[in-house]
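This report refers to the structure that appears directly beneath it.
The values are calculated or read from the model by the stated rules, or taken from the named source; none is laboratory data. Just so you know, these numbers come straight off a predicted model, no measurement behind them. Positions of Cβ are backbone-derived with ideal geometry, glycine not excepted, and every protein chain shown enters the neighbour counts. Quick note on the areas: whole protein, heavy atoms, side chains included, nothing else; ligands and nucleic acids left out. Shrake-Rupley method; radii C 1.70, N 1.55, O 1.52, S 1.80 Å.
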Amino acid sequence: MGECSVTPSSEARLESLRPQDIQLYRELLAQDSASRLPKQPGPDRRGRAVEAREDSLERLLSSGLAVPDEESSTGFTPVNPETVGSYVVAEILESSARSAINLLRVREELGPVLAEYRNNHLRNSSGYVTHTDFPNINAAIRLAARECRREVLTSQPGGARSAAVLGESLPSTLDMLDRGVTMKTIYQHNARSGSATREFVRAIQERGAQVATLDENFDRLIIFDRTVAFIPADDDRRAAAEIRAPAMVSFLVALFERSWIRAVPFTPPGRDRATTRITDDLELAIMRHIVAGDTDTVTAGQLGISVRRCQEYVARMSAKLGSRSRAQLGYLIAKSGMLDNVAEEGIPDDSP
């Protein structure tokens, strides 16, 4: 079989081949076992057979598996299927690349319009939008994370996080850090006890994130580029408010920064200065709750520790101060003045 330069057109398409099509292709390969196909089939049985062969030939031509060739004994030359396949694959890849470029262009072109829509929508809804149910909340946060270019601030209460939650958020977190986004995250002191949390913190600290812990109770907060913030919108956290009003976001940023100043840098558990300070901070925080008359359950919930751990702290304080009841313990703590200096140190000086 002679050489033939074949370049299937962009309109060539691979059709589902029938057994008779494969037979005709086999005959074209043989060259000497196929006769030239007549132009006008007759009305008899032989004519119907020729018509079927013409249909097969049409499908081979349409698929690019055969091309006209007047020098061939059959008038057609079969084409290597691998050649056809490579062109079809190339066309598919080229089409996919064009589609990807068009998608990026659409997102870029719609960006300003989307910003105007959001601003208008937020103005008409008191500066925020409420997302309900976890899939919708997570989708909104992921979108804001992809758009983030400079900074993300997060407060994550509740002690140690689950491995599943941290594993799901790690890729997007690392992606932001790799893009040069700076990150500050605050956990409660008790988060240091979870191995999954420690591994997560280690991974993001290696990429430049800053992580600290605090003994106080606080709520969940995520702020991207100081332009959009997410906070819980109900008690069970099945709804989140997406806030884009500049004044409200600025207030939340200031709130976060005040907490960040009081927080302790995250270090692995051990008898170092940070761990000692955390123990002291927890003890002082529990003292404040005792003086306020809070129960162990309320205190533990506010500080993100277990009730049993809270009770152990209370027992040690009682033994240290010689208290025989919770009311007496609160009185002795208040009388000792141990909380006086702490309260003064914990209040930032905003005076000019």
| said: Step by step: first the residues of the stretch 295-327, then only those that are at negative phi, crowded, with 17+ Cβ neighbours inside 10 Å and outside any helix (DSSP H, G or I), then the one that is modelled with the highest pLDDT. Which residue is that? | reply: S323
| message | It is to be established whether one or more residues within the stretch 236-248 are modelled with pLDDT under 80, of a type in the set (G, A, S) and out of contact with any helix residue (DSSP H, G or I) (no Cβ under 7 Å at 6 or more places or on another chain). | response | no
| field | Enumeration of residues in the stretch 208-221 that are in a strand (DSSP E or B) and surrounded by fewer than 22 Cβ atoms within 10 Å (Cβ to Cβ) | value | Q210, A212, L221
| note | In the stretch 132-167, anything farther than 20 Å from A229 by Cβ, at pLDDT 85 or above and surrounded by 14 or more Cβ atoms within 10 Å (Cβ to Cβ) is listed as L166
| Single residue of the stretch 168-184 satisfying the filter (assigned to a strand (DSSP E or B) and open to solvent by 40 Å² or more (accessible area, probe 1.4 Å)) that is farthest from T154 (Cα to Cα) | T182
